[in-house]
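Notes to accompany the following structure.
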Amino acid sequence: MEDWRSYDGVAATYERVHAPRFLEPARDLVAFLPVADGDRVLDVGTGTGVVAEAALAAGGRVVGIDPSLDMLGVARASRAAVPVAAAEAIDLPFRDGSFDAVTAGFVLAHFTRPQTALFDLRRVLRTGARLGVSSWADGRDAFTDTWLELIQTIVPKEMLEPSLAGVIPHHDRFRRPDALAETLHEGGLRKIRVERRAYEWIYPQAEFLDGLETWATARFAKGMIGDAGWAAFRERARTTFADRFPDPLHDRRDVLLAAGERE
């Protein structure tokens, strides 16, 4: 049985729906650090390689790592110029001081112990090198509320919330600039900067709903009710969104960009 916590199985959908839109915050993160020509860059939680590709375009010598083999397979097929490898953010297979920059796009909230992960990310940075992260900073919206309303008709809230908390334990915390800055400081970084950026993406409704199926809520629910039950749920979700919202959808999201240096 496929582990619902993994992005294996949704990598192709993630690349088709989200990667083209996440390129803009990826470029902004790379510029915010910044990545300079010739910098050795490690992209942690690279997924299908969006941030790594942006760092490569900025002149970096990049390697991306991710635990999901399916995501790495899509990265190799879609971004062949970006070297990628299977690895976890803890116990990185690199020597101390190997990199001039480390990037982590929308990754930090997934770590159970962010300071433990940051310790190893800091370890592979040379003195004076930079680490940059991005984090979702938006609150609730009508699209998210509708999706959760639908999901909770098939999975009780008291079962859903603890399961999601185990996968993205710091999602709510890292919406706050002060919490993000504090965590980077506790991870041994200095000269920390945090900025909020706003983005708007346009999705055809069908594509937006496809994208929602890559979320942890959908992966968990689908694992609970099986393929047949999920197919029926998908049709109900499409009908509900068509009744409530225009097509295409204008999705507005706030993102925090944060960076710090290893002294």
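Please treat every number below as a calculation from the coordinates, not as lab data. The model shown is predicted, which means the values in this text are computed figures rather than measured ones. All Cβ positions, even for glycine, are placed from backbone atoms using ideal geometry, and neighbour counts span all protein chains on display.
Of all residues in segment 63-105, those being in a strand (DSSP E or B) and over 30 Å from W4 (Cβ atoms) number 3. Across segment 19-57, the number of residues qualifying as surrounded by fewer than 21 Cβ atoms within 10 Å (Cβ to Cβ), outside any helix (DSSP H, G or I) and either at negative phi or within 14 Å of the chain's Cα centre (by Cα) (or both) comes to 5. What residue, among those in segment 83-116 that are farther than 23 Å from F174 by Cα and touching a strand residue (DSSP E or B) at 6+ places or on another chain (Cβ under 6 Å), is surrounded by the most Cβ atoms within 10 Å (Cβ to Cβ)? For segment 83-116, the residue satisfying everything is F99. Among the residues of segment 58-75, those that are surrounded by 15 or more Cβ atoms within 10 Å (Cβ to Cβ) and either of a type in the set (A, V, I, L, M) or closer than 18 Å to G9 by Cα (or both) comprise A58, V62, V63, I65, D66, S68, D70, M71, L72, G73, V74, A75. Please verify whether segment 185-197 includes one or more residues that are within 18 Å of P25 (Cβ to Cβ) and without any contact (Cβ under 8 Å) to a residue 60 or more places away in the chain. No, the conditions are met nowhere in segment 185-197.
The conditions of being assigned to a loop (DSSP other than H, G, I, E, B), aliphatic (A, V, I, L, M) and out of contact with any His (no Cβ under 6 Å at 6 or more places or on another chain) are not met by V194.
Considering segment 117-148, and only residues there that are of a type in the set (D, E, K, R) and within 23 Å of A218 (Cα to Cα), the residue that is surrounded by the fewest Cβ atoms within 10 Å (Cβ to Cβ) turns out to be R140. On the stretch given as segment 182-199, residues that are at negative phi and more than 17 Å from the chain's Cα centre (by Cα) total 12. What are the residues in segment 111-123 that are touching a Gly at 6+ places or on another chain (Cβ under 7 Å) and under 20 Å from A55 (Cβ atoms), if any? Those that are touching a Gly at 6+ places or on another chain (Cβ under 7 Å) and under 20 Å from A55 (Cβ atoms): L118, R122.
Take A165 and decide whether it is at negative phi, surrounded by fewer than 17 Cβ atoms within 10 Å (Cβ to Cβ) and without any contact (Cβ under 8 Å) to a residue 12 or more places away in the chain. Yes; evaluated as a whole, the condition is true for this residue. Assess whether R197 counts as being among the charged types (D, E, K, R) and either closer than 30 Å to L118 by Cα or exposed (fewer than 15 other Cβ atoms within 10 Å of the Cβ) (or both). So R197 fits the description; yes. Residues satisfying the criterion are absent from segment 173-180 (criterion: surrounded by 15 or more Cβ atoms within 10 Å (Cβ to Cβ), touching a Gly at 6+ places or on another chain (Cβ under 7 Å) and aliphatic (A, V, I, L, M)). Considering segment 211-263, the residues that are of a type in the set (S, T, N, Q) and buried (at least 18 other Cβ atoms within 10 Å of the Cβ) include one that is nearest to the chain's Cα centre (by Cα), namely T214. Given the structure, is G139 in a loop (DSSP other than H, G, I, E, B) and either touching a residue at least 60 places away in the same chain (Cβ under 8 Å) or under 17 Å from the mean Cα position of the chain (by Cα) (or both)? It is true that G139 is in a loop (DSSP other than H, G, I, E, B) and either touching a residue at least 60 places away in the same chain (Cβ under 8 Å) or under 17 Å from the mean Cα position of the chain (by Cα) (or both).
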